[in-house]
There are 2 protein chains.
Amino acid sequence: MPPTPPGPFTGRSLTDLARDLRAGRTTAAELARRALDAIAGLDPALGAFVTVDPAGARAAARRADEELASGADRGSLHGVPVAVKDLIDVAGLPCTMGSRHFAGHVAEADAACVTLLREAGAVIVGKTTTHEFAYGPTGDRSANGPSRNPRDPGRMSGGSSGGSAAAVAAGLVPLALGTDTGGSVRIPAALCGIAGFKPAYDAIPAGGVFPLSRSFDHVGVLAADPYDCLVAYRHLAAGGPPPAGSGGGEAEDVRVAWLDPTALSVCDPRVVQVARAAAGVVTEELRLPGGLAEELRETYAAIQRAEAAAVHADRVAEAPELFDPEVLDRLRAAMRVPAWAYVRAVEGRPALAKTVEALFDGHDVLALPTVPLVAPPLDRREIELDGRTVAVRAALLALTSPWNVLGLPALTVPAGSVDGLPVGLQLVCRPGREDLLFRLAAR
Amino acid sequence: MPPTPPGPFTGRSLTDLARDLRAGRTTAAELARRALDAIAGLDPALGAFVTVDPAGARAAARRADEELASGADRGSLHGVPVAVKDLIDVAGLPCTMGSRHFAGHVAEADAACVTLLREAGAVIVGKTTTHEFAYGPTGDRSANGPSRNPRDPGRMSGGSSGGSAAAVAAGLVPLALGTDTGGSVRIPAALCGIAGFKPAYDAIPAGGVFPLSRSFDHVGVLAADPYDCLVAYRHLAAGGPPPAGSGGGEAEDVRVAWLDPTALSVCDPRVVQVARAAAGVVTEELRLPGGLAEELRETYAAIQRAEAAAVHADRVAEAPELFDPEVLDRLRAAMRVPAWAYVRAVEGRPALAKTVEALFDGHDVLALPTVPLVAPPLDRREIELDGRTVAVRAALLALTSPWNVLGLPALTVPAGSVDGLPVGLQLVCRPGREDLLFRLAAR
């Protein structure tokens, strides 16, 4: 299908908007109106939004304009339209988790990250489509229908923060919040051709976010440009953001290792090639030590499934018919994970952390593709990849979920395209070195 | 069967021994010899010991005597013979966990609590029978045979620290170490007519102790007199012991609530009566709020079984024939606990802790029987209690395991007897108030 036409925020960074707002070339009210108009015009073909809040957005924009006019400047998000994944509570708005279980459910209070957004002066325009209960990376199983890829609306946005990625990629908003338990920010960002940042575990507070797997759930940000992810992150980080450019030096000083993704997944070689080219000169070509890929995968699966099952066991028992059948199947499988396997996975994490820590010996950042393939068609569940038939879900998650196991910061940046569809380059670092990711991305 | 005749330490407290040693009325060498002789003579009928270490004990006693003679006094355990449960590593001695899986296994290093014992000058005479892998409260399933109750060797010692309880109750040693995951110190202490103290979670370091369920495993002490438990505890507490008599005041100042045990288990009314009489005047008669008994029981079961299964899953898969069949059955059941139930139990603990904390409103100590029945005959698995047939294992654990769920300090003291068999009174407090338990026990 033909791509969605550019929206009002296509090609306009947060920095541009901030400058225009302060130069009097635009107002928060105008930005909100343009976002709302674009959503009204373009979103029916995209499915990025499940709820739009014109009245709330207009009121917030008016306040933002009044504050700016009075000299009260809240910084770079002040007056900026933002979309919030429909798994994150916004007071007074429906929060459906993409599920019929929560049809009509209205959040009573703001999630902690939404409070931070508001304190930064952002204007929340609506809630974006999530894969049902965030339990899927395809973004095409939601009570409100699939979110679609702006580059080709016949294809997946990816998920589970599919609506947030599609909304930003289509230029309907310049910034969106998502959540990432195994790649749910980075996967749709990569498939839609934008940037997505999953910070370190607990770096953005998760209060008021519906859980998928508490050990791995992260709140993250999506924007067209990686620098805008950093700008937003500075307002959302719980323990205070890393200082801009801390550590000093240029991108050239950052030691990058290219991590061979084929140890983690069957990959489309063209995707690997595009990502590898975008990574540029690296210090080292790295391959995961034997067994580590399996260990990360098994640890991820045991913990994520056990915790997801704990969240949903009552709903599965009492009202299974309200789930999407595919999500229900996954939850039923998750309920069969034995407790001893979960206990072992949890107990094994400290040793695993040491092994992964050792991957960073001699370099600061690992680079690899974000996703080993380009956006598949909607509803596709198996796909041919490098001559093999692979499960789409497993492939989508394979390169992102390892970094959730240990809560490492990871950023996806647009790297180019294959068959006209976006490819993402993923940059992973240790907590505290987030500045390096953004310095590299700027290169 | 007729009771075991009194051993050399029957009726002799740690205080008596310390006084005699320092007055020159005995020596550590003589105490060790008397312990070793008594073990050689009496233990064949008891099964309290799985390994005796005459050479090691004699050497340690000699060193203790030399130190005392030279004026280097390590305090109240100096020169005292001590037995250690065969689940706790003592360097150079076999550590079998009561299992054929560990037949011939020799510990390379001392467990942390054994190091503390040695630093206190104690003389380790041997290792005591444990229910296989500490996974049972009856004490009659061990690769080296059952430990027997000195009051009637045809009856259970209780378990899993059955050998430690029997060794102390028979006067073979004045002090023994045990472990307590759901009552494994307190149950055999009560059934054998001695005192047993399970301190707060992690109060005695658990390094070098074979795990049963890491969330609930406690190291504890057994002695004829509760005060001797306190004396030993002061040497073993990781974070430093509570100061003697801290808080000041007399036993009369301690506010005690009698907790109706029938909310937790079917009970022998005669046992309840004896324990209630021993508790004396109380501030209040308390009953657990509705549902709390079930919640404690379910939380205990889910966590204990899941963690035990995680410890043993490989052995169950690879060499099931080496397990005692009853223990194997329990482990196989434990392996079927679903992970979601474990996750919920773990996540529910903070709320449960608040509910239990509220039980202490208006009083300092909860008093209840330690075990709702007297020692059953060996191998008995069902028993008539108050007109109902109940499972022996469940009944033995019912009044002790709730306090492991939240790691509360609990002391059992001899309270009297029914049919000539010992009854224990259990005193439970909040961490930091251990002194109250001992003050009450002295009354």
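Values in this text are rule-based calculations from the coordinates and carry no lab data. All values reported here derive from a predicted model rather than from experimental measurement. A quick note on method: Cβ atoms are made from the backbone with ideal geometry, for glycine too, and the neighbour counts reach across all protein chains shown.
Annotations for the structure displayed:
- Share of Cα-Cα pairs in the protein assembly as shown lying beyond 48 Å, as whole percent: 38 percent
- Environment charge at residue A:335 (Cβ cut-off 12 Å; Lys +1, Arg +1, Asp -1, Glu -1): +3
- Rounded to 5, percent antiparallel among DSSP beta bridges of the protein assembly as shown: 70 percent
- Dipole magnitude of the stretch B:143-203, debye to nearest 20 (Cβ charges: Lys/Arg +1, Asp/Glu -1, about Cα centre): 160 debye
- Listed values for the stretch B:308-316 are Karplus-derived 3J(HN,Hα) couplings in whole Hz (6.51 cos²θ - 1.76 cosθ + 1.60, θ = phi - 60°), namely 5, 5, 5, 5, 10, 3, 5, 5, 5, and x replaces Gly and Pro.
- The alpha-carbon atoms of the stretch B:14-236, seen along their principal axes, cover 45, 34, 33 angstrom, with the largest extent given first.
- Euclidean distance between Cα centres, the stretch B:171-229 to the stretch A:300-340, Å: 39 Å
- Positive minus negative residues near residue A:145 (Lys, Arg vs Asp, Glu; Cβ under 13 Å): -3
- Using C-alpha pairs below 8 Å separated by at least 6 residues, the relative contact order for the stretch A:14-236 is 20 percent.
- Shortest-first nm distances, residue B:2 label point to equivalent points in other copies (7 Å, Cα→Cβ): 10.6
- For the stretch B:63-78, backbone nitrogen atoms closer than 17 Å to the point 7 Å from residue B:119 Cα along Cα-to-C-beta are found at B:73-78.
- Ratio of the Cα radius of gyration of chain B to 2.2 N^0.38 Å, where N counts its residues: 0.91
- Counting only DSSP beta bridges with both residues in the stretch A:14-236, the antiparallel share comes to about 65 percent.
- With a cut-off of 14 Å between beta carbons, the residues surrounding residue B:49 carry a summed charge of -1, where Lys and Arg count +1 and Asp and Glu -1.
- Spin-label proximity, residue B:238 to the stretch B:182-217 - amide N less than 14 Å from point 7 Å beyond Cα toward beta carbon: B:199-211, B:214-217
- Taking a straight Cα-Cα cut-off under 23 Å and skipping sequence neighbours fewer than 8 places away in the same chain, the lysines within cross-link reach of residue A:127 are A:85, A:198.
- For the pair residue A:273 and residue A:202 in one chain, pulling the backbone fully straight at 0.36 nm per residue adds 22.3 nm over the alpha carbon distance.
- Here the Gaussian network model covers chain B, with springs between Cα atoms less than 10 Å apart; of B:136, B:208, B:92, B:92 fluctuates the most.
- With its label point defined 7 Å out from Cα along the Cα-to-Cβ axis, residue B:255 lies at 6.2 nm from the matching points of the other copies, in increasing order.
- Under 5 Å from the amide H of residue A:218 lie the amide H atoms of A:180, A:181, each residue being 5 or more positions distant or on a separate chain, with H modelled from the backbone and absent for Pro and chain starts.
- Amide H contacts of residue A:106 (H built 1.01 Å from N, under 5 Å, at least 5 apart or other chain): A:95
- Note on residue A:214 and residue A:20: the model spin-label points, each 7 Å out from Cα along the C-beta direction, lie 4.3 nm apart.
- Across the stretch B:330-373, no residue has a backbone nitrogen under 13 Å from the label position 7 Å along the beta-carbon direction of residue A:109.
- Gyration tensor verdict on the stretch A:58-122 (Cα atoms; rounded if a/c is under 1.5, prolate if a/b is larger than b/c, oblate otherwise): prolate
- Three-way shape call for the stretch A:145-198 based on the alpha-carbon gyration tensor, with the a/c threshold at 1.5: oblate
- Within the listed set A:169, A:278, A:223, the Gaussian network model of chain A (springs between alpha-carbon atoms below 10 Å) gives the highest mean-square fluctuation for A:278.
- Fluctuation leader among A:138, A:27, A:128 - chain A, Gaussian network, Cα springs under 10 angstrom: A:27
- Starting from the label point of residue A:273 at 7 Å along Cα→Cβ, the same points in the other copies fall at 9.1 nm, in ascending order.
- A cut-off of 5 Å between modelled amide H atoms, ignoring neighbours fewer than 5 places along the same chain, links residue B:155 with B:149, B:378.
- Beta bridge orientation in the stretch A:14-139: antiparallel %, DSSP, nearest 5: 45 percent
- Computed over the stretch A:1-45, the quotient of the alpha carbon radius of gyration and 2.2 N^0.38 Å is 1.29.
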